[in-house]
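S.K.: Let me begin by handing over the structure; questions about it come next.
Where a number appears in this text, it was derived from the coordinates with a stated rule and is not lab data. Since the structure is predicted, the reported quantities are computational estimates derived from the model, not experimental observations. Cβ sites come from the backbone with ideal geometry, for glycine too, and all protein chains shown count toward neighbours.
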Amino acid sequence: MNTNFGYVALMGEPNVGKSTLLNRLVGTKLAIVTHKAQTTRTNLIGIQNREGTQIAFVDTPGIFNPKTKLDQVMVKSAWGSIKYADIISLMVQPKSGKLEENEGIIKRLKQLEKDQAKIILIVNKIDLVNPSELLKLVDAFSKRMDFAKVFLISAKKGDGIEDLIEWYSDNLPKGPWLFPPDQISSQSVQSLACDITREKLLLRLHQEIPYNLGVETDQWKEMKNNEVRIDQNIVVARDGHKAMVIGASGSCIKQVGIDARKDISKLLGQKVHLFLRVTVRKKWMDDEKRLREMGFGQP
Ligand SMILES: Nc1nc2c(ncn2[C@@H]2O[C@H](COP(=O)(O)OP(=O)(O)OP(=O)(O)O)[C@@H](O)[C@H]2O)c(=O)[nH]1
Ligand SMILES: [Mg+2]
């Protein structure tokens, strides 16, 4: 057999650049990216095929101390990826990426069986700091854990990415590809489209609202002429938040709709008619039944 296949998990604290790296590795914008922490809520697989190797990259939610049931589901989802990952990439960032903050993650990774997965360290955002700071950081982490390899990259600028992909390819098991060659993600287009709308909302809204926002599909209807009508429901936890999402004379939701439609249309390669509404569901982030209905795993 001349093919290789494996899962590569991208893990770490919120905001270190996991989703930016996934998009860079796959070469398409699959995962949503914002400057806010806790942007990614579920694991998202992006698939890359190169010569004989197929790599299934798993972008995961950032690991943090959960408060709500939704937080718990997110963190559980991230940890779920280590069960099947052939390579685990612990991602850190120089500015806030202190060893102490990653201590919990490292402790858990150290409990894995030696041959369960290769674990590497990826220091991202190297464009933001000078090399001496990087060396100190790598030194501190390397003393704490025996990483199979350390990479210094900038997911945003593209530095170090080729070397990283080459190492992944060289270190995956031999075996048949699990996904058809034309598949680029495990996620449904419906769920990717909901994420796109959430990204546009996160980029526009401030304060605590982002953590209380959910987006779900009401209706997805293929029309004539390769066009699609999509109705989405934006879920918020408070009446005041509904007003903010709508904005003065509907200005916010209108712009979100325009921005989201463009990206969804690009993703699908189809003309999209997008309709958004807003619903208040008090404390939905702590409602297990609701979370399940909205597509989140069992808390
Ligand atoms: N300067 C710089 N910024 C980066 C780099 N990679 C990511 N970012 C920025 O860091 C922020 C967070 O990026 P994400 O990719 O959403 O981070 P994440 O780890 O997926 O975050 P969560 O989903 O919240 O866990 C965004 O504003 C990115 O543009 C990088 O290499 N350099
Ligand atoms: Mg993310």
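S.K.: Using all C-alpha to C-alpha distances in segment 117-199, build P(r) with 5 Å bins and read off the rounded percent in each one.
M.R.: The percentages, shortest bin first, are 3, 11, 15, 15, 17, 16, 12, 9, 3.
S.K.: How big is the chain in terms of Cα radius of gyration and Dmax, in angstroms?
M.R.: Both quantities, over Cα of the chain: 19.8, 62 Å.
S.K.: If you project the alpha carbons of segment 189-293 onto the principal axes, what extent comes out on each, in Å, largest first?
M.R.: 41, 32, 18 Å, listed from the longest principal axis down.
S.K.: Averaging over every viewing direction, what projected area does the convex hull of the Cα atoms of segment 61-144 cover, in nm²?
M.R.: 6.0
S.K.: What spacing in nm lies between the two simple spin-label points modelled at residue 243 and residue 83, each 7 Å away from Cα in the Cβ direction?
M.R.: 4.5
S.K.: Which three lengths, in whole Å and largest first, does segment 1-90 cover when its Cα atoms are put on their principal axes?
M.R.: That gives 47, 26, 17 Å along the principal axes, largest extent first.
S.K.: Report the semi-axes of the equivalent ellipsoid for segment 4-170 in whole Å, largest first, where each axis is √(5λ) for an eigenvalue λ of the Cα gyration tensor. All intermediate terms of the calculation are to be shown ahead of the outcome.
M.R.: Details: eigenvalues 81, 75, 59 Å².
Ellipsoid half-lengths, sorted descending, are 20, 19, 17 Å.
S.K.: Another question, if that's okay. What angle do you read, to the nearest 10 degrees and between 0 and 90, between the alpha-carbon axis of helix 251-268 and the longest principal axis of the chain?
M.R.: 60
S.K.: On a C-alpha basis, how far is the centre of segment 212-252 from the centre of segment 126-196 in Å? Whole number, if you could?
M.R.: 33
S.K.: Right, here's the next one. In this model, which of 67/114; 200/221; 98/242; 143/200 are farther than 30 Å apart at the alpha-carbon? Walk me through the numbers before you get to the answer.
M.R.: Numbers: 67/114 32 Å; 200/221 22 Å; 98/242 37 Å; 143/200 40 Å.
Long pairs (Cα-Cα over 30 Å): 67/114; 98/242; 143/200.
S.K.: Which loop-located GluC sites (Glu not before Pro) does segment 71-147 contain, where loop means any DSSP state but H, G, I, E or B and the Cβ has at most 13 other Cβ atoms within 10 Å?
M.R.: 113
S.K.: So how much slack lies between residue 221 and residue 279, counting 0.36 nm per residue of separation and subtracting their Cα-Cα distance, in nm?
M.R.: 18.8 nm
S.K.: 7 Å from Cα along Cα→Cβ at both residue 133 and residue 292: what's the point-to-point distance in nm?
M.R.: Distance between the two pseudo-spin positions: 4.7 nm.
S.K.: Right, next: Which pairs in the list 149/174; 125/262; 224/289 are over 30 Å apart, alpha-carbon to alpha-carbon?
M.R.: Violating the 30 Å limit, Cα to Cα: 224/289.
S.K.: So how much slack lies between residue 162 and residue 76, counting 0.36 nm per residue of separation and subtracting their Cα-Cα distance, in nm?
M.R.: Values: separation 86, 0.36 × 86 = 30.96 nm, distance 3.05 nm.
Taking residue 162 through residue 76 to full extension adds about 27.9 nm, to one decimal.
S.K.: Could I ask something else about it? Within segment 16-93, report the chymotrypsin sites (Phe, Trp or Tyr not before Pro) that DSSP leaves as loop and that have at most 14 other Cβ atoms within 10 Å.
M.R.: Details: sites: 57, 64, 79, 84; in loops: 64, 84.
Hits after loop and neighbour filter: 84.
S.K.: Continuing with the same structure: What angle, in degrees between 0 and 90 and rounded to the nearest 10, separates the Cα long axis of helix 99-110 from the longest principal axis of the Cα atoms of the chain?
M.R.: On a 0 to 90 degree scale, this one is about 70.
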